[in-house]
Amino acid sequence: EFTGYIGTCIDITERKQQEDEIARLLKDEKRHSTLLARVAEASRSVNAVLSTESIARILTEEARSIIGAERAVTSITLEAADRQVIRAISIAPEDRTTTPQEFSSTEEAIYAEVSRKHKPLRWTKSELLRRPEPTELKAARRCALAAPLVSHGGRILGVVQLADKQSGGFSEEDEAVLVQLAAIAAVGIENARLYDSLREQDRRKDEFLATLAHELRNPLAPVRTGLEILKIAGDAEQSKAARDMMERQLKHMVRLVDDLLDVSRVSRGKVELRREYVELRQVIDLALETSLPLFESARHELKVSLPPEEFYVFGDLTRLAQVLSNLLNNAAKYTADGGRVALSAAQDGTDVVIRIDDSGVGIPSEMLPKVFDLFTQVGRTIDRSQGGLGIGLSLVKRLVEMHDGSVVAESLGPGKGSTFLVRLPLAKKRMARANASSGDGVAKSNGHVPRRILVVDDNADAAASLAMLLRYNGCETRVAYSGPAALEVVGEFHPEVVFLDIGLPGLNGYEVANRIRRELGLSRTVLIALTGWGSDEDRRRSHEAGFNYHLTKPVEPTVVSDVLARFTANSLHHERSERRAPR
């Protein structure tokens, strides 16, 4: 007969809860792993392309798919303007009721909101309904999630936004995922823009090198022809014509090289302005003197209109004249023969504005922001080459900015001419006049030329030609082609003047100059650096090494004569002072 039972009852509720929690955690971990894998795959897809359009398309599709939204849109901002120019839209395949056009009713409002706050946006349907503005968002009655694409410097590149999640509203995790995807895309867009910039610079570099070769070959061809003419010329008139032509072509090549050196020095901040108070007419006259031959050869009509009052600026006369001559040359080259160019100046508040108008080929609107970029040329073609290396306007802009001014280009389009406006701050007239009235105290030449001159250059032709020129002027010359050879000649010849190249074999020019001063004790010998190195740093090193003058190649013969004459005048004055001084 059954009378009862003995048993135990164990409560496994906690264990089952723990098992459920572990299962939930494992499920979440698996979901997180899948999510991270998809984000990593999206990152690889973004980094595999170098196109902003492709990055926007990948970001939009991946964000909608990973987070599970019904619609997504990405708007990318143009770098030079705050307006959307690239738009990518993705709609879930099962959403057959919405078209891309319907989504755009809320797009602009969300874009503006995120761009203004510089942070993500996450709104539920109820939050959208409660918001008094913007009205587009309220009327849409949709949940929304958006994140900005922020550059390394903190600038908004664009916005990616999602709408209507397929399973409820957007969560904090969804927001974190979208922010991460937006950050990956922002890096990709910056890399794409950097790549485009480097590719454009590389293209312009190749074009510049081709143009440089063309521009250097142009004057070299007539120089070579001129040398042949000198060999066979039967009379003095033919020889003179050939020499004049070769001199013109040589000057053209020197200008090209000088422009290259100038833009390099300015870009590296190696140019020091020799500021003084100068009257604007003086600047314009100097610029016109440089540019008039180009206007005359093209038969251009040049009109200069200046107000009667004096305008003073505090700047470097040579550099300011270089700015205006570059702009005038540019106007002449890009204007058909017989065209019109006008230069005028007027006061505008505390500034003076110099205006240069031409009736030339004009500038397309898309090129206006780029005309001052290095190596940029407008409308250069093989059949119509105006010459130049695409560095003149870049040099103009940098030099004007160094004078605390600005320069802009204007044009109504191709065939409608161009206008360049240079704005410079005016200087106080009283200080300017006081400065203009003071003299510089430069010693005058007495016409005497030193007798013993040593020329040192590893370029045998350069050394021989300069020595020949000096001999024609009554000097006794010696030539050396290396540093050690120069020291030997100095010890035997005891020259009054040494023209010394810097880049010499054996010992460079700085070392030779130091040894002449310190070891040979020739403190009175004048050392003149005649070299292709002409930066401010090179001049400083020359001075520290003991050089009296620093001349850059190619140097005009008149400059050589002027330097020698100045040295002679100063030396004679020094000798007279020594004879008068008590022992």
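Candidates are the residues of the range 179-200 that are polar (S, T, N, Q) and more than 17 Å from the chain's Cα centre (by Cα); the one that is farthest from Arg64 (Cα to Cα) is Asn191. Among the residues of the range 472-492, which ones are over 20 Å from Val559 (Cα atoms) and open to solvent by less than 20 Å² (accessible area, probe 1.4 Å)? Matches in the range 472-492: Ala480, Gly483, Ala486, Val490. Note on the range 305-326: among residues that are assigned to a strand (DSSP E or B) and surrounded by 14 or more Cβ atoms within 10 Å (Cβ to Cβ), the one that is farthest from the chain's Cα centre (by Cα) is Tyr312.
Somewhere in the range 329-341, is a residue touching a strand residue (DSSP E or B) at 6+ places or on another chain (Cβ under 9 Å), without any contact (Cβ under 8 Å) to a residue 60 or more places away in the chain, within 12 Å of Arg281 (Cα to Cα) and open to solvent by less than 40 Å² (accessible area, probe 1.4 Å)? No: zero hits. Restricting the range 78-106 to residues that are of a type in the set (Val, Ile, Thr) and either touching a helix residue (DSSP H, G or I) at 6+ places or on another chain (Cβ under 8 Å) or closer than 19 Å to Val177 by Cα (or both), which is modelled with the lowest pLDDT? Ranking the qualifying residues of the range 78-106, first place goes to Thr106. Summed over the range 527-583, residues that are outside any helix (DSSP H, G or I), open to solvent by less than 60 Å² (accessible area, probe 1.4 Å) and at pLDDT 85 or above total 8.
In this structure, is Ala467 farther than 27 Å from Ala287 by Cβ, assigned to a helix (DSSP H, G or I), modelled with pLDDT under 85 and among the small types (Gly, Ala, Ser)? Criteria not met by Ala467. Among the residues of the range 494-512, are any within 26 Å of Met253 (Cα to Cα), modelled with pLDDT under 85 and part of a helix (DSSP H, G or I)? Within the range 494-512, not a single residue is within 26 Å of Met253 (Cα to Cα), modelled with pLDDT under 85 and part of a helix (DSSP H, G or I). Going by the conditions given, is Ala192 touching a strand residue (DSSP E or B) at 6+ places or on another chain (Cβ under 7 Å), of a type outside the set (Ser, Thr, Tyr) and open to solvent by less than 30 Å² (accessible area, probe 1.4 Å)? Spelling it out, it is not the case that Ala192 is touching a strand residue (DSSP E or B) at 6+ places or on another chain (Cβ under 7 Å), of a type outside the set (Ser, Thr, Tyr) and open to solvent by less than 30 Å² (accessible area, probe 1.4 Å). Residue pairs whose Cβ atoms lie under 8 Å apart, sitting 6 or more positions apart in sequence or on different chains, and linking a residue in the range 396-421 that is assigned to a strand (DSSP E or B) to a partner that is of a type in the set (S, T, N, Q), are Ala409/Ser418; Ala409/Thr419; Glu410/Ser418; Glu410/Thr419; Ser418/Ser411; Thr419/Ser411; Phe420/Asn330.
Set side by side, the residues Ser365, Ser385, Ser344 differ, and just one is at pLDDT below 75 and surrounded by fewer than 20 Cβ atoms within 10 Å (Cβ to Cβ), which is Ser385. Looking only at the range 219-238, residues that are at pLDDT 75 or above and either at positive phi or crowded, with 16+ Cβ neighbours inside 10 Å (or both) come to 3 in all. Tallying residues that are surrounded by 18 or more Cβ atoms within 10 Å (Cβ to Cβ) and either in contact (Cβ under 8 Å) with a residue 60 or more places away in the chain or closer than 14 Å to His494 by Cβ (or both) within the range 513-526 yields 4.
Has the range 197-207 got at least one residue that is part of a helix (DSSP H, G or I), surrounded by 16 or more Cβ atoms within 10 Å (Cβ to Cβ) and among the basic types (Lys, Arg)? Yes, that holds for at least one residue. I'd like to check something: does the range 248-270 contain any residue that is modelled with pLDDT of 75 or more, out of contact with any strand residue (DSSP E or B) (no Cβ under 7 Å at 6 or more places or on another chain) and not in a helix (DSSP H, G or I)? Looking through the range 248-270, none of the residues is modelled with pLDDT of 75 or more, out of contact with any strand residue (DSSP E or B) (no Cβ under 7 Å at 6 or more places or on another chain) and not in a helix (DSSP H, G or I). Going residue by residue through the range 150-157, is there one that turns out to be touching a residue at least 40 places away in the same chain (Cβ under 8 Å) and not in a helix (DSSP H, G or I)? Yes, because at least one residue in the range 150-157 is touching a residue at least 40 places away in the same chain (Cβ under 8 Å) and not in a helix (DSSP H, G or I).
The values are calculated or read from the model by the stated rules, or taken from the named source; none is laboratory data. All values derive from a computational prediction rather than experimental measurement. Counting neighbours? That spans all protein chains shown, and the Cβs are built from the backbone with ideal geometry, glycine included. Quick note on the areas: whole protein, heavy atoms, side chains included, nothing else; ligands and nucleic acids left out. Shrake-Rupley method; radii C 1.70, N 1.55, O 1.52, S 1.80 Å.
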